[in-house]
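Heads up, the thing below is written out as structure tokens.
Every number in this text was worked out from the coordinates using simple rules, so none of it is lab data. Predicted, not measured: the structure shown is a model, and the values here were computed from it. Using ideal geometry, Cβ is built from the backbone for each residue, glycine included, and neighbour counts are taken over all protein chains shown.
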Amino acid sequence: MSLSFEMRIDLDQKWKSIDLGELPLSPGVYQFFDSQNTLIYVGKAKLLRRRLAQYKNASRTRKHRKMWRISREAKSIELILCSSEYEAEALETTLIQKHRPRWNVVGAFYFLYPMIGIRVYERHLVFCYTTQPEQGWNGFQFFGAYRSREFTQSAYLSLIKILQYVGHPLKRKDAYAEKIPQFSFVNGLRQIPMEWEPQFKSFFRGESQELLETLVFALLENAGARMRKLEVQGWIEDLLRFWKHEALPLSQVCQKVGYADYPVAQKDRDFLFLKHRYMKRQQSDESSVLSEKMKLVFTQAEV
């Protein structure tokens, strides 16, 4: 981060009269503040001058409505120049997490990213779903953090329904006697084969789908499950969707960026995916350069 540049805009001033020609053509972060000097939006840009020009020319059409409303509400803009797009994206994420501006939604509520925990005691399996993994949870091993509460919660509840055809539910006090944080679930079961434990953990870590095959075979042997095959199929699909969109991508990103401190902290998740996108972008750029060099070599050889 090399320079901070500020520009003030009066609420009653027209964007059309603002000269953006002196703004830098460089990567950076822009922050909009309202009349109370409250941060209302944070964004990043590959070229700051071009991005601010888009706000200047935004119309009331559906495509530009958000830009138009933000630009009309803004009293001032603060620009922060960055050395690269990656630095700009990382700074944008940091500022959004810290301030949670009201016009920013993506990344602002990282503390709601869900996690799933497993606890084993006296040959009982206890599962939990929570967005507050730091609140107690003695004896649980956590997996995640995942992004989608919808996908993760649906998979969790579907798994519990499936396991009730295999084992027997524990009473709440027997599953976990301590206070459960708000918006969390705890479910314990007995008579679940203990050899399944590694499969549960491998599934939630995004390492193996072996658990799904195990569950399907167990359900096929249960008359009650066979009678409700359509509903059971929906539960399996919930688990598959969770695997495809949450568990597997998180595992792949951790491997590719070399992140070994599992589980991934809620606050770190977005930065991991940001770093992964940046690495892929670099590899793509390098491949394009190599391709152009190869074309040039073959062209010269033909001549």
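Here is how the numbers come out for the structure above:
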| quantity | calculated |
| --- | --- |
| Protection proxy ranking of 70-77, 114-121 - average other beta-carbon atoms within 10 Å, highest first | 114-121, 70-77 |
| Vicinal HN-Hα couplings computed from phi for segment 51-61 (Karplus, 6.51 cos²θ - 1.76 cosθ + 1.60; Hz; Gly/Pro x) | 5, 5, 5, 5, 5, 4, 9, 5, 10, 7, 5 |
| Listed residue pairs exceeding 25 Å between alpha carbons, taken from Lys161/Lys201; Lys173/Lys267; Lys171/Lys201; Lys46/Lys275 | Lys173/Lys267 |
| Shape of segment 111-266, Cα gyration tensor, a/c cut at 1.5 | oblate |
| Cut-off 17 Å (backbone N to label point 7 Å along Cα→Cβ of Val216), residues of segment 160-187 | 162-163 |
| For segment 77-139: rounded, prolate or oblate by the Cα gyration tensor [a/c cutoff 1.5] | prolate |
| Helix axis angle, 229-242 relative to the chain longest principal axis, alpha carbon, degrees | 40 degrees |
| Length-normalised contact order for segment 195-257 - Cα pairs under 8 Å, 6+ apart - percent | 43 percent |
| Cα shape, the chain, gyration tensor, a/c 1.5 rule | prolate |
| Mean Cα-pair separation over length for segment 111-266, i.e. relative contact order, pairs under 8 Å, 6 or more apart, % | 29 percent |
| FRET efficiency estimate (nearest 0.05) - Cβ-Cβ, Glu22 to Ser84, R0 22 angstrom | 0.50 |
| Under 14 Å from the Cα of Lys280 - aspartates and glutamates, other chains or at least 8 residues apart | Glu85 |
